[in-house]
1. Residues of the stretch 129-139 being surrounded by 13 or more Cβ atoms within 10 Å (Cβ to Cβ) and within 16 Å of T167 (Cα to Cα), which ones?
2. Could you grab me the full set of residues in the stretch 182-203 that are under 23 Å from T109 (Cβ atoms) and within 28 Å of the chain's Cα centre (by Cα)?
3. From T179, T167, T155, which residue is at negative phi, among the hydroxyl-bearing types (S, T, Y), loosely packed, with under 15 Cβ neighbours inside 10 Å and under 27 Å from the mean Cα position of the chain (by Cα)?
4. Please go through the stretch 86-116 and give me each residue that is under 20 Å from I205 (Cβ atoms), assigned to a loop (DSSP other than H, G, I, E, B) and at pLDDT 95 or above, ordered by number.
5. Consider I161 against the criteria (1) more than 17 Å from P67 (Cβ to Cβ); (2) in a loop (DSSP other than H, G, I, E, B); (3) modelled with pLDDT under 95: it satisfies all of them except one. Which criterion is unmet?
6. Being surrounded by fewer than 18 Cβ atoms within 10 Å (Cβ to Cβ), modelled with pLDDT under 95 and within 27 Å of the chain's Cα centre (by Cα) narrows it down to one residue among K206, K142; which is it?
7. Confirm whether V83 is modelled with pLDDT of 90 or more, among the hydrophobic types (A, V, I, L, M, F, W, C) and either in contact with a Phe, Trp or Tyr (Cβ under 9 Å, 6 or more places away or on another chain) or surrounded by fewer than 18 Cβ atoms within 10 Å (Cβ to Cβ) (or both).
8. Note down all Cβ pairs under 8 Å where the first residue falls in the stretch 185-207 and is in contact (Cβ under 8 Å) with a residue 60 or more places away in the chain and on the phi > 0 side of the Ramachandran plot, the second is buried (at least 17 other Cβ atoms within 10 Å of the Cβ) and β-branched (V, I, T), and they're at least six residues apart or on different chains.
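The values are calculated or read from the model by the stated rules, or taken from the named source; none is laboratory data. Everything numeric in this text was worked out from a predicted model, so none of it was measured. With ideal geometry, Cβ positions are generated from the backbone for all residues, glycine too; neighbour counts draw on all protein chains shown.
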Amino acid sequence: MRAIRISLLVALIILIIVGNCSCEKANNTSTVYSYNSQAAPTSSESGQPTVSNNSPITTSSTSTQQPDDVVFTAGGLTYRANVFGLAGTTSNPWPTIPSGPGVTLGTGTDAASVGYRSYIETQPGQTRNNIINVQIPGRYIKVKLEAVNLPDGITAEEGEIGGMGNTYQQVISFVISSTVQPGQYDFKIDIQIDGKDYGTVPCTIKVLPR
């Protein structure tokens, strides 16, 4: 009887050891699979916008997006409203923003074509972007932009620089104070190319009532 009891005790100890090993192995396996299948952090976890390989960078909430946000594409800078498939949608939620008809400054082989938003509507307390496209065929150029005769309460800030081929692109961000009264405000944008002043192009910002 004593021998039988000892045998049973040894068998029980062996079962306990094998069971612990199996559980430990299962836990290790679960940890490995969990690590390999872990998804990339979302925007709320990482603090960064969610990035898709097939769409521009977007945020998780469309309330923070504006139609004239500047988006980098393979063809250069453009407005968010001009890029389809935003945040997984199949249609554009905003009307397309035209860059405006090309304005020619200068003459002859030095003539420059300038595309930009000549008219912008906004409400007080917002920032509106204007992508300035400047091109002289066959030349790579350096451009300097300056807003002239801006009204009180509207300031201009330099934004992103981009381009494609020999087209130079730069963003001017117009910051409209919350205290600006509704109305139409006219000013000019001065354009210098390779150190030469090419003159100005007109621009209008219409501030709408709240």
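1. If we filter the stretch 129-139 for residues that are surrounded by 13 or more Cβ atoms within 10 Å (Cβ to Cβ), which is where we start, we get 129-136, 139.
Listed by number, the residues that qualify are N130, I131, I132, N133, V134, Q135, I136, R139.
2. D190, I191, Q192, I193, V201 - these are the residues of the stretch 182-203 that are under 23 Å from T109 (Cβ atoms) and within 28 Å of the chain's Cα centre (by Cα).
3. Working: T179 fails: under 27 Å from the mean Cα position of the chain (by Cα); T167 fails: loosely packed, with under 15 Cβ neighbours inside 10 Å.
So the residue among T179, T167, T155 that is at negative phi, among the hydroxyl-bearing types (S, T, Y), loosely packed, with under 15 Cβ neighbours inside 10 Å and under 27 Å from the mean Cα position of the chain (by Cα) is T155.
4. Listed by number, the list holds a single entry, Y116.
5. Here I161 clears every test but (2).
6. Sole residue among the options that is surrounded by fewer than 18 Cβ atoms within 10 Å (Cβ to Cβ), modelled with pLDDT under 95 and within 27 Å of the chain's Cα centre (by Cα): K142.
7. When the stated conditions are applied, V83 does not pass them.
8. Partner pairs satisfying both residue conditions: G199/I191.
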